[in-house]
Amino acid sequence: MNFLGYERPDGSIGIRNYVLVIPGGFLGNNICNFVNGTRTILTADSGSGRTSRDRETIARTFIGLGRNPNVASVIIHSLSAGSSYPELSPSRIAGEIAATGKRVEVIDVSKEAGTLRAMEKGIQLAREMVLEASRLRRQPFGLENLAVGVKCGASDTTSGIAGNPVIGNLFDRIVDAGGTAFFGENTEIIGAEHVLAKRGVTREVSERILAVAAETEAIAKSTGEDIRTINPVPSNIAGGISTLEEKSLGAIHKSGSSPIQGVLKYAERPGGRGLYFVDNWMSMGSIFAGYAASGAQLVIFQLGGGGWSGNDLLYNSTAVVSPLMWTTANPKTLTMAPTSIDFYSGTVIEGKDTIEEAGEKLLQKVVDIASGTFTRVETMKYADPTQIYLKDPSF
């Protein structure tokens with residue numbers, strides 16, 4: 001099975017064809033407001049007042065987004081509170097992205113006689129780069145070139161029974177074809193981490209999965225919270241989930257059954273293909289950008305329904321350059337948001353499909369989106385802020 005994508009100089013394959021402007025802020029936003037076909041990151045995480053470790057995470061995110069296959073070329077500017085730090089210097093970020101063979105242009109605001117002149121230069125550069133990108137044509141490529149990331153949220157009884165298992169079946173199909181899949185959410189594996197750890201390809205991978213769960217639990221306890229007593233959250237309980245173990249066992253179904261090749265830091269790129277667990281947070285404000293920086297061309301939110309009553313217009317992607325696909329197995333959620341949900345797996349509960357049959361249909365939908373069809377929320381020109389997953393306090 002093939003999808004239609006754009007080949008990049010480093011051999012990676014994009015499913016979208018953007019010009020990325022980083023960092024965000026005044027300059028990035030205004031360039032993108034003027035020029036179609038551009039993207040920028042909307043975030044308060046500039047690196048100012050952060051530890052060196054957190055600045056490195058921000059840099060890794062910017063670099064990863066620039067290297068994402070959905071990006072044709074990149075503009076980097078110096079108008080950022082964090083750009084004077086070595087981790088976030090424009091030249092460092094530009095060099096690591098340019099190593100992929102993409103065109104990268106740097107705007108030094110101090111050399112452009114001010115912000116407005118720099119904005120004018122950025123707009124002209126972006127127009128030129130978008131025209132260059134528009135000359136590319138989609139070609140057929142195999143699923144081994146596809147990378148997908150997933151999170152689940154507002155989990156309810158339908159999530160563990162059908163929604164997450166169907167995503168897991170999709171992941172197995174992509175991994176079996178030689179592709180790459182990312183899952184994470186540290187808090188959502190606690191209580192089932194020992195089950196997940198058995199799938200590590202090495203002892204080191206298994207131990208790292210257990211360590212991530214233990215670290216997350218310890219951090220929570222240091223704030224006075226015990227994840228094992230506050231999870232499931234009220235919306236999960238309203239959706240029919242009664243215990244932490246029930247929620248976590250349902251959540252890990254979205255990873256499928258493939259061996260786990262490694263545990264990645266947030267926004268870290270994998271050393272090979274296959275299934276990876278990512279050390280990340282459960283917030284959709286942060287998780288998707290990390291997947292995109294790791295190389296995911298498409299991100300998926302598997303939605304249960306608890307606590308989302310009345311939210312018929314679901315959020316657009318915080319992955320900046322990777323479109324967001326919404327799935328659900330809850331018929332009430334589908335009825336609530338029919339113009340936002342891309343795929344309904346509740347047919348498994350209704351007895352119309354097996355998990356395998358629904359997984360095949362979901363794969364067909366993913367291939368369609370990868371070949372150029374918009375996701376439903378991708379049709380909206382709106383972006384929520386991206387919250388980069390940082391581990392240290394600000395100073």
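Residue-wise HN-Hα couplings along segment 227-243, as the Karplus relation 6.51 cos²θ - 1.76 cosθ + 1.60 with θ = phi - 60° gives them from phi, are 4, 6, 10, 9, 10, x, 7, x, 5, 5, 5, 5, x, x, 8, 10, 9 Hz; Gly and Pro carry x.
Hey, what's the per residue convex hull volume over the C-alpha atoms of segment 144-379, in cubic angstrom?
Working: hull volume 26.1 nm³, N = 236.
Roughly 111 Å³ of hull volume per residue.
Each of Ile300, Ile219, Ile174 was scored by other Cβ atoms within 10 Å of its Cβ. Listed from fewest to most, they are Ile219, Ile174, Ile300.
For segment 84-95, 3J(HN,Hα) computed residue by residue from phi via the Karplus equation (6.51, -1.76, 1.60; θ = phi - 60°) reads 7, 6, x, 5, 10, 5, x, 5, 5, 5, 4, x Hz, glycine and proline entered as x. Per-residue Cβ neighbour counts within 10 Å put Met380, Met1 in the sequence Met1, Met380, beginning with the fewest. Here the relative contact order of segment 18-135, from alpha carbon pairs under 8 Å that lie six or more residues apart, stands at 32 percent. With the simple model of a label 7 Å out from the Cα in the direction of the Cβ, Leu210 to Leu42 spans 4.3 nm.
Placing unit charges on the Cβ atoms of the charged side chains and taking the dipole of the chain about its Cα centre, the candidate lying farthest along the positive direction among Val278, Ser242, Thr354 is Val278. Using a Gaussian network model of the chain in which every pair of alpha carbons under 10 angstrom is joined by a spring, one finds that among Thr57, Thr335, Thr375 the greatest mean-square fluctuation is at Thr335.
Relative contact order, whole percent, for the chain stands at 22, derived from Cα pairs under 8 Å and 6 or more residues apart. The loop-placed trypsin sites (Lys or Arg not before Pro) in segment 296-395, going by DSSP, that have at most 11 neighbouring Cβ atoms within 10 Å of their Cβ come out as Lys352, Lys381.
So between Ser134 and Arg53, what do we pick up on full extension, going 0.36 nm a residue minus the alpha carbon distance?
On the way: separation 81, 0.36 × 81 = 29.16 nm, distance 3.76 nm.
Residue separation times 0.36 nm, minus the Cα-Cα distance, leaves 25.4 nm.
Note on Met380 and Val201: with the Förster distance fixed at 41 Å, the Cβ-Cβ geometry gives a FRET efficiency of about 0.55.
Among Gly310, Gly163, Gly142, the residue with the largest mean-square fluctuation in a Gaussian network model of the chain, with springs joining Cα atoms closer than 10 Å, is Gly310.
Here, each number is a calculation from the coordinates, and none is a lab measurement. Being a predicted model, the structure only gives us computed values, none of them experimental. Cβ atoms come from the backbone with ideal geometry, glycine included; neighbour counts cover every protein chain shown.
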